[in-house]
Amino acid sequence: MAAASEPWQAVGPRRRRCSAARRPRGREAPARGPEGEPQADCGVVLRRIREAGEDLLLSDFWSLALETINGCLTKHLEQLKASEGTLSEALGNLHLDSSPDEAAVIPGSIPGETPVPGICRLKCVCYGIGKFATCVIARHQLTFLLLFLEKCQIPRRHCWVYDPLFSQTEITVLNMLGVTVLSENEEGRRSIGGEPTVFYMPHCGTALYNNLLWGNWSVDALAKMLIIGNSFRGLEERLPARILQKNYCYIAKILEALEELKLPETSQYTDIFNDTSVHWFPIWKLQQLPPDAWAFREEPDYRDCEGLEIIRNKPRAPSAADLSSL
């Protein structure tokens with residue numbers, strides 16, 4: 001199969017678009033799916049993910065990013081421990097370091113993945129990772145997620161992943177990697193249900209972050225969340241205040257109650273992790289927001305929003321039971 005012999009191409013600086021690996025000259029073009037996109041063998045995709053993980057582990061970006069995430073996550077977990085007094089296990093299982101694991105790697109895994117003893121209470125949700133089978137940028141973002149789970153001792157089965165653009169091959173690969181693939185488009189409106197959760201959302205649309213905040217709009221819930229994604233401060237700088245207040249009011253309200261640290265910028269991963277920050281919400285800052293900020297709980301409505309960067313969930317067709325009840 002031609003796709004199986006394709007060399008993996010590393011991403012270069014200033015590359016903005018997601019594209020499949022360049023096809024070698026003189027070789028047969030890869031088979032294409034029903035929508036005209038190149039199909040990739042699961043084994044090829046897993047190999048490319050592994051190679052991306054090897055590159056990332058050896059990069060300056062990875063070690064610097066770990067320092068940033070470690071600082072935010074440690075403070076976040078200390079806040080949870082102080083408020084609940086029940087997260088000593090999670091703190092004990094947190095081992096962020098930049099040294100790759102030299103142990104044997106199981107098939108389908110990437111360097112650094114090790115069995116996790118016990119249970120870590122941290123959960124992880126990933127939205128909008130993109131078409132990693134054919135997009136180098138998305139593949140590196142997925143690799144970052146897998147390494148992050150390992151370094152934070154979060155079992156892969158405790159990570160939920162969704163992108164409406166996933167192909168069946170990509171869903172199969174994710175299942176092989178051991179993460180949980182969501183079957184429905186939540187549009188970011190997932191409640192953490194009282195469980196400490198990290199949301200990994202690289203380069204997602206602004207509405208997705210706004211929906212996530214709305215779905216967890218309380219001091220208790222936000223204090224248990226950490227978001228790795230587009231810089232909220234960057235959104236504040238780029239969007240006119242009236243647009244931010246009208247269309248993304250939950251982001252506008254939370255700006256006064258968050259701590260944000262930008263991930264480092266390096267030439268090797270400029271287009272992959274640019275404008276990406278780690279966000280967490282100190283409880284004392286949340287408690288300083290005025291009462292009317294928490295009293296407003298209207299669901300976001302984007303009907304008059306131009307340039308909405310989110311794929312909406314298709315409305316469910318009424319069932320026979322629904323129609324008979326009318």
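Read-outs: derived from the displayed coordinates by stated rules, not from any lab. What you see is a predicted model, and the numbers here were worked out from it, not measured in a lab. Note that each Cβ is placed from the backbone with ideal geometry, even for glycine, and that neighbours are counted across all protein chains shown.
Things to note:
- Reach of Lys151 by Cα under 21 Å, taken over lysines that are not fewer than 8 positions away in the same chain: Lys75, Lys81, Lys123, Lys224, Lys262
- Nitroxide proxy distance, nm - points 7 Å out along Cα→Cβ at Lys285 and Ser267: 3.4
- Amide H contacts under 5 Å for Cys126, placed H, 5+ residues apart: Trp160, Val161, Tyr162, Tyr200
- Point-to-point label distance, Asn185-Glu67, nm (Cα→Cβ direction, 7 Å offset): 4.1
- Residues Ile171, Ile283, Ile272, ranked from the fewest to the most other C-beta atoms within 10 Å, line up as Ile171, Ile283, Ile272.
- Structural size metrics of region 164-253, computed from C-alpha coordinates, are Rg and Dmax of 14.8, 45 Å.
- Distance-filtered residues of region 124-160 - backbone nitrogen under 18 Å, label point 7 angstrom along Asp60 Cα→Cβ: none
- Long-range HN-HN contacts of Leu263 with modeled amide H, under 5 Å: Thr276, Ser277, Val278
- Gain upon complete extension [Met176, Ser218; 0.36 nm per residue less C-alpha separation]: 11.5 nm
- Ranking of Asp41, Asp301 by count of other Cβ atoms within 10 Å, fewest first: Asp301, Asp41
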